[in-house]
Every structure is written in structure tokens, then in C-alpha cells.
């Protein structure tokens with residue numbers, strides 16, 4: 001049986017979720033910016049991780065993440 005995964009989303013450019021808006025491991029997507037976000041917790045410190053894609057000068061696609 002397939003499971004449905006619901007992702008929080010926004011189409012407002014530059015909008016980034018806060019740690020208060022996401023549960024640990026929950027995903028959020030900004031469809032205008034093409035960025036995916038998730039919340040993590042390391043040793044009691046919560047943060048939002050941003051995942052985005054880019055294309056290199058040689059045409060290769062890469063994934064990048066920032067905290």
C-alpha cells in the first residue's frame with residue numbers, strides 16, 4: 001500500500017520556514033525558489049537545513065545544502 005507524504009509549501013519568493021513552523025524531520029518546499037527545507041536537531045540545537053539544486057558550468061546537476 002502506498003503512503004502519501006504531505007509537504008508544507010509556499011510560493012512566496014524568499015520565504016523560509018522557522019524551527020517553530022516545522023516538526024523534527026518535516027519537509028517544506030518553496031515552489032518559487034525551488035528549495036526544499038527540513039528541520040534537524042543536533043545535541044539540543046534545532047536548525048533548518050536548505051537543499052537546492054544547481055547546474056555546473058559543465059552542465060552537471062548538483063545538490064547543495066546549507067544550515
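FYI, it's all coordinate maths here, none of it is from the lab. All figures in this text were calculated on a predicted structure; none of them were measured in a lab. No Cβ is skipped: glycine too gets one built from the backbone with ideal geometry, and neighbour counts run over all protein chains shown.
Worth a mention:
- For the range 21-66, the equivalent ellipsoid derived from the Cα gyration tensor has semi-axes of 25, 13, 6 Å, listed largest first.
- FRET E, pair residue 19, residue 64, Förster distance 25 Å, beta-carbon r, rounded to 0.05: 0.75
- Relative contact order [Cα under 8 Å, 6+ residues apart], the range 21-66, whole percent: 25
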